[in-house]
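The values are calculated or read from the model by the stated rules, or taken from the named source; none is laboratory data. Bear in mind that the values here come from a model prediction, so they are computed numbers and not experimental data. Virtual Cβ from ideal backbone geometry, glycine too; neighbours counted across all protein chains shown.
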Amino acid sequence: MKRSNEPVLWVLFSAGGVVAAFLIPVLLFLLFLAFPLGWLKPPSYESLLSLVRLPITRLVLFALCFFSLFHWAHRFRYTLYDGLQIKHLNQLIFPFCYGGALVGTAVAAYILWNI
Amino acid sequence: MNEVRQNPAYTEFRPRWYRAQVSTWWWLGRWSYLKFILREISSVFVAWFVAELLLALSALSSGPGDYGEFQDFLRNPFVVATNVVSLFFVIFHAVTWFNLAPKAMAVRVGGKRIPDLWIEGPNYLAWAVVSAIVAWFLLRA
C-alpha cells in the first residue's frame, strides 16, 4: 500500500487550528482594528519594532504564520472538495493550497529574518 | 489489488455506477450544514490575517514612512469592514475549535469519560490568559 502523507498534513492543520485560535483574535483586534482606528493607544513605531525584533517574538510569529497557513491550506482544500464537490480538480487544488502555504511560509521567514 | 479510481473509464459493457446527485448548494438547506461550511470558510480569514500580518511586518521593517502608510491602509473603510468580518470568523473558529477539543480528546478517568467541561474549561481559560499576555505586551510598548 502506498504510504499516505495525509497524517502529516492533518497534524499541520491541527497545530495551526490551535495556534490560530489562541493568537489570531487578540492580534487581529488590536493590530488591525483597535490601534489604527484609535480605540486604544497604539505602541510607538520604535517600541513595536524592538518588540518584533526579539528572538522569541520572531519565533512565535514565524510559528503562527507557518502553522496557520497550513491550517488554511488543509481546511480550504476540503471546503472545495465537500462544499463545492470539485474533487476532480485535485491536481489544481492541491498545489494551489499547499504551494500557497509554502510560499507564504518562505515570505514570513524572509521578512522575520531581515526585520 | 485494483484500486477504485475516481474517474474510471466506462464502456458499454461496464455500466455507469449509480451515484446520487447532490446539489452544489447542499449546505444551504440546514442551519447545521451552513454552520459547518461557515466554520470551514473561517480558514480563508485565517489566511487573510497572515497576509495582513506579513504586510504589517514588511511595512514595519521598511521604516516609519511605510508603516504610517500601512496604518492609513488599515483605516480604509473596505479594509475595516473586511477586518470586522474576519474578527467574527476567527472568533467563530476559536469557539468551534475549543468546543471540538473534548470530542478529539477522549480522556478517561476510572473507566469513565471525564465531562466535556473539564477539557473545554482549561482551553477557554488558556485562551483568556494568552490573549491577556499578548495585549499586555502590545499596550505596554
Test A:L27 against the criterion of being facing another protein chain (nearest Cβ under 8 Å), touching a residue at least 40 places away in the same chain (Cβ under 8 Å) and either surrounded by fewer than 18 Cβ atoms within 10 Å (Cβ to Cβ) or in a helix (DSSP H, G or I) (or both), and give yes or no. no
In this structure, is B:W17 modelled with pLDDT under 95 and more than 9 Å from every other protein chain (Cβ to nearest Cβ)? yes
By residue number, the members of the range A:32-49 that are of a type outside the set (A, V, I, L, M) and either buried (at least 19 other Cβ atoms within 10 Å of the Cβ) or facing chain B (nearest Cβ under 8 Å) (or both) are A:F32, A:F35, A:P36, A:K41, A:P42, A:P43, A:S44, A:Y45, A:S47
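Condition first: at the interface with another protein chain (Cβ under 8 Å from one of its Cβ atoms), touching a Leu at 6+ places or on another chain (Cβ under 9 Å) and either assigned to a helix (DSSP H, G or I) or modelled with pLDDT under 95 (or both). Can you find one or more residues in the range A:76-86 that meet it? Quick ask: steps written out before the conclusion?
First, the residues of the range A:76-86 that are at the interface with another protein chain (Cβ under 8 Å from one of its Cβ atoms): A:76, A:78-79, A:82-85.
Within this subset, residues satisfying the condition of being touching a Leu at 6+ places or on another chain (Cβ under 9 Å) are none.
Scanning the range A:76-86 turns up no residue that is at the interface with another protein chain (Cβ under 8 Å from one of its Cβ atoms), touching a Leu at 6+ places or on another chain (Cβ under 9 Å) and either assigned to a helix (DSSP H, G or I) or modelled with pLDDT under 95 (or both).
Can you say whether B:P77 is crowded, with 17+ Cβ neighbours inside 10 Å and more than 10 Å from chain A (Cβ to nearest Cβ), as far as the supplied structure shows?
no
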Kindly indicate whether B:P115 is more than 8 Å from every other protein chain (Cβ to nearest Cβ), more than 25 Å from A:K41 (Cα to Cα) and touching a strand residue (DSSP E or B) at 6+ places or on another chain (Cβ under 9 Å). no
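Kindly indicate whether any position in the range A:59-68 is part of a loop (DSSP other than H, G, I, E, B), more than 9 Å from chain B (Cβ to nearest Cβ) and farther than 21 Å from B:V79 by Cβ.
no
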Meets criteria (at pLDDT 95 or above, over 21 Å from the mean Cα position of the chain (by Cα) and either closer than 23 Å to B:F45 by Cα or among the polar types (S, T, N, Q) (or both)) for A:W72: no
